[in-house]
1. From (1) out of contact with any Gly (no Cβ under 6 Å at 6 or more places or on another chain); (2) basic (K, R); (3) more than 16 Å from the ligand (Cβ to nearest atom), pick out the condition that doesn't hold for R11.
2. Just give me the residues in the range 141-174 being among the hydrophobic types (A, V, I, L, M, F, W, C), within 11 Å of the ligand (Cβ to nearest atom), within 20 Å of M247 (Cα to Cα) and not in a helix (DSSP H, G or I), in sequence order.
3. Run D278 past the list (1) in contact with a Phe, Trp or Tyr (Cβ under 9 Å, 6 or more places away or on another chain); (2) crowded, with 21+ Cβ neighbours inside 10 Å; (3) in contact (Cβ under 8 Å) with a residue 60 or more places away in the chain and report the number of the one that doesn't hold.
4. Taking the range 125-140, which residues are in a strand (DSSP E or B) and under 27 Å from A178 (Cα atoms)?
5. Under 7 Å between Cβ atoms, which residue pairs at least 6 apart in sequence (or on different chains) link something in the range 186-214 that is touching a residue at least 60 places away in the same chain (Cβ under 8 Å) with a partner that is assigned to a strand (DSSP E or B) and among the aromatic types (F, W, Y)?
Amino acid sequence: MIDLRSDTVTRPTPEMRQAAFDVEVGDDVYGEDTSVLKLEETAARMLGKEAALFVTSGTQGNQIAALTHCQPGDEVLVEASTHLFLYEGAAMSALAGVQPRTIEGVRGAMDPEDVRAAVRPDDIHFPKTGMICVENTHNKAGGAVVSLGNMQAVYEVAREYGIPVHLDGARLFNAVAASGISVEHYASQADTVQFCLSKGLGAPVGSIITGSAEFIQRARKWRKRLGGGLRQAGVIAEPGYVALTQMTGRLADDHENARYLADSINQIDGLRVEGPVDTNIVLVNVADLGLQAEHFLAELKKEGVLAVPFGRHTVRFVTHFDVSREHIKTAVDRVNAISWSV
Ligand SMILES: *Cc1c(COP(=O)(O)O)cnc(C)c1O
């Protein structure tokens, strides 16, 4: 199988496996796992924040941000197709007791004036706007890089009203690789940042959330409440450290493979790539084949290629460390065969 469903399917490298084997470990709930501490310090330094927290997943990191920034009854402003809103089981409502309010963006970028218009005035009828969430790169927008300028403009509005901004940077290092802008620059346009170690960076488990020391101290308590206080966590933190320090540079290869995949698919009759390909995600519209995404994917699976539905007629392909250019060429051949046969 050539697995292009997600970059989450990447398996740990030999260096990560060795690091997990060699690690000393201690009890991280007592703050005694030196590998976790090293990972958190390194992440905080790289992002230019005071402190960081190792969490089990991106979802947990985002939810800890909502729980720590907000009070029950608050409203959270999110771009309409963000992960936090679409793909986290309404956790922010179920756990933090907040309601989301969506703002339609363009390729993942919210108009700062739309954000301003959505901020609630102080009135007995209204919830308080407790948090603004920005996603970069934007998954549903096809891995789009949200510009630093847009992030700055949104952050300016937020600061004017004293509202914290959380950056869901699950794939932030893809934005870094694509734009050449440093991770610290992106992180400077948000109060807190979550990024995944377990996607394109290849770690088996884990995400990081960064912010002020005061925020992280409160976030640590929320992590414990959520059952996320881990004991000898060095066995996963050490591979995470390898991911953070050795794997960011190779994301450009995934982006080249994605562009190659997109260019090849665009030459196939009946298939159309939706939007430009900024990073490692390629959205393909299969409507002109007369197929729904599910049917196309079922045919593709028979040919040994996996992808996921991303709308009625849209299929998402994600390139990653475990697929080579040769795999991509084979996948294109299989896609081509299907488009002929239907
Ligand atoms: C994957 C993803 C998450 C969640 O990460 P998990 O580790 O799968 O919980 C959050 N936000 C975005 C944008 C993602 O792509």
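The values are calculated or read from the model by the stated rules, or taken from the named source; none is laboratory data. The structure presented is a predicted model; accordingly, all values stated were derived computationally and were not measured. Positions of Cβ are backbone-derived with ideal geometry, glycine not excepted, and every protein chain shown enters the neighbour counts.
1. (3)
2. A170
3. All conditions are met except number (1).
4. Within the range 125-140, I132, C133, V134, E135, H138 qualify.
5. Going by the 7 Å Cβ cut-off, the qualifying pairs are G206/F54; S207/F195; I208/F54; I208/F195.
For every residue, the table says whether it meets (1) crowded, with 19+ Cβ neighbours inside 10 Å; (2) touching a Cys at 6+ places or on another chain (Cβ under 7 Å).
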site: G26; (1), (2): no, no
site: D33; (1), (2): yes, no
site: E40; (1), (2): yes, no
site: A44; (1), (2): yes, no
site: L53; (1), (2): yes, no
site: P72; (1), (2): no, no
site: L84; (1), (2): yes, yes
site: L95; (1), (2): no, no
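Yes or no, residue by residue, for (1) buried (at least 20 other Cβ atoms within 10 Å of the Cβ); (2) within 16 Å of the ligand (Cβ to nearest atom); (3) assigned by TED's automatic domain parsing to the domain that holds N257:
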residue	(1), (2), (3)
S182	no, no, no
D191	yes, no, no
Q194	yes, yes, no
K199	yes, yes, no
I208	yes, yes, no
S212	no, no, no
G227	no, yes, no
Q232	no, no, no
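Residue-wise test of (1) assigned by TED's automatic domain parsing to the domain that holds P309; (2) under 27 Å from S179 (Cβ atoms); (3) touching a residue at least 60 places away in the same chain (Cβ under 8 Å); (4) over 21 Å from the mean Cα position of the chain (by Cα).
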position: S57; (1), (2), (3), (4): no, yes, yes, no
position: N62; (1), (2), (3), (4): no, yes, yes, no
position: L67; (1), (2), (3), (4): no, no, yes, no
position: V76; (1), (2), (3), (4): no, yes, no, no
position: G105; (1), (2), (3), (4): no, yes, no, no
position: D111; (1), (2), (3), (4): no, yes, no, no
position: R116; (1), (2), (3), (4): no, yes, no, yes
position: G142; (1), (2), (3), (4): no, yes, yes, no
position: M151; (1), (2), (3), (4): no, yes, no, no
